[in-house]
């Protein structure tokens with residue numbers, strides 16, 4: 001059994017050189033951890049250690065994030081992100097898995113679920129949105145990107161609002177009861193990777209494409225109803241990006257959902273790791289995963 005996560009690369013058929021973290025025995029159920037903007041698998045560094053004794057953990061860096069490398073012609077859309085993770089799971093010979101969805105990891109993971117509807121054992125949604133009720137005021141700065149083809153001025157304004165160190169720290173600090181528990185290395189790494197050449201266009205492409213995830217919400221919700229997959233919606237209740245009504249909304253379509261609110265912001269694992277890990281272990285035990 002791997003007690004500490006190993007870091008690896010795998011080159012996929014689509015040309016993506018995917019970076020991922022792996023821990024735990026492959027004899028145990030696989031738990032796929034999908035990160036959000038503007039982070040990487042690094043956001044799961046502590047959760048991996050907490051869960052690896054019982055689960056086989058795979059935590060990839062999505063294309064456009066972290067240390068994953070993409071070919072020049074790779075289109076950064078959420079459909080392609082989901083297809084890339086599907087290729088990754090196929091290479092890993094993973095057939096059944098539970099999935100942790102957070103932020104961008106939510107539309108990626110739920111698109112993956114539509115592709116592999118019988119393979120998902122359970123969902124842990126930590127501020128991972130699938131309902132319009134879950135959008136906070138933060139999204140007002142994104143909406144101009146959804147109005148036709150955005151001009152360069154609109155793109156520059158969005159980049160100034162979304163891709164700076166101030167914006168990155170805002171996501172970590174807002175709603176965190178005690179910001180002294182935050183590790184500045186986390187948001188500093190995020191920003192250093194965001195500041196690389198080419199990242200502005202990649203990240204704006206994903207923000208523009210996010211509107212297509214919203215169009216798929218009815219399909220995600222239909223899948224919840226049809227599969228009755230176990231869902232733990234565990235939310236940082238102080239998040240201003242994806243707000244608590246997004247957690248409660250799962251109850252509309254799932255009879256097999258538990259909603260838990262923790263006193264945290266968007267990056268809830270940075271301040272509430274022990275509580276969230278404990279809830280996950282209890283939830284998986286209840287559902288024999």
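Here, each number is a calculation from the coordinates, and none is a lab measurement. Quick caveat, the model's predicted, so the values are computed rather than measured. Ideal geometry is used to build each Cβ from the backbone, glycine not excepted, and the neighbour counts take in all protein chains shown.
I'd like the full set of residues that are over 18 Å from residue 41 (Cα atoms) and crowded, with 24+ Cβ neighbours inside 10 Å, limited to the stretch 119-135.
Across the stretch 119-135, the qualifying residues are 129, 130, 134.
State yes or no: is residue 113 part of a helix (DSSP H, G or I), in contact (Cβ under 8 Å) with a residue 12 or more places away in the chain and within 17 Å of the chain's Cα centre (by Cα)?
Spelling it out, residue 113 is indeed part of a helix (DSSP H, G or I), in contact (Cβ under 8 Å) with a residue 12 or more places away in the chain and within 17 Å of the chain's Cα centre (by Cα).
I want to confirm something. Restricting to the stretch 1-16 and keeping residues that are part of a strand (DSSP E or B) and over 19 Å from the mean Cα position of the chain (by Cα), which single residue is surrounded by the fewest Cβ atoms within 10 Å (Cβ to Cβ)?
It comes out as 6.
Given the options 75, 130, name the one that is out of contact with any strand residue (DSSP E or B) (no Cβ under 6 Å at 6 or more places or on another chain), within 26 Å of residue 257 (Cα to Cα) and not in a helix (DSSP H, G or I).
Among 75, 130, only 130 is out of contact with any strand residue (DSSP E or B) (no Cβ under 6 Å at 6 or more places or on another chain), within 26 Å of residue 257 (Cα to Cα) and not in a helix (DSSP H, G or I).
Could you check the stretch 250-272 and list, in sequence order, the residues that are over 18 Å from residue 105 (Cα atoms) and part of a helix (DSSP H, G or I)?
Within the stretch 250-272, 251, 252, 271, 272 qualify.
Can you pull out every residue in the stretch 140-153 that is assigned to a helix (DSSP H, G or I) and in contact with a helix residue (DSSP H, G or I) (Cβ under 8 Å, 6 or more places away or on another chain)?
141, 144, 145, 146
Give the residues of the stretch 33-43 that are surrounded by fewer than 24 Cβ atoms within 10 Å (Cβ to Cβ) and in contact with a strand residue (DSSP E or B) (Cβ under 7 Å, 6 or more places away or on another chain), sorted by residue number.
none
Taking the stretch 105-122 on its own, how many of its residues are touching a helix residue (DSSP H, G or I) at 6+ places or on another chain (Cβ under 7 Å) and within 19 Å of residue 266 (Cβ to Cβ)?
Final tally of qualifying residues: 3.
Every residue, every condition in (1) surrounded by 15 or more Cβ atoms within 10 Å (Cβ to Cβ); (2) free of Cβ contacts under 8 Å to residues at least 60 places away in the same chain; (3) within 20 Å of the chain's Cα centre (by Cα); (4) part of a loop (DSSP other than H, G, I, E, B), yes or no:
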residue: 88; (1), (2), (3), (4): yes, no, yes, no
residue: 117; (1), (2), (3), (4): no, no, yes, yes
residue: 155; (1), (2), (3), (4): yes, yes, no, no
residue: 171; (1), (2), (3), (4): yes, no, yes, no
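Quickly run through the stretch 219-248 and pick out the residues that are part of a helix (DSSP H, G or I) and more than 24 Å from residue 97 (Cβ to Cβ).
First, pick out the residues of the stretch 219-248 that are part of a helix (DSSP H, G or I): 219-227, 245-248.
Correct list: 245, 248.
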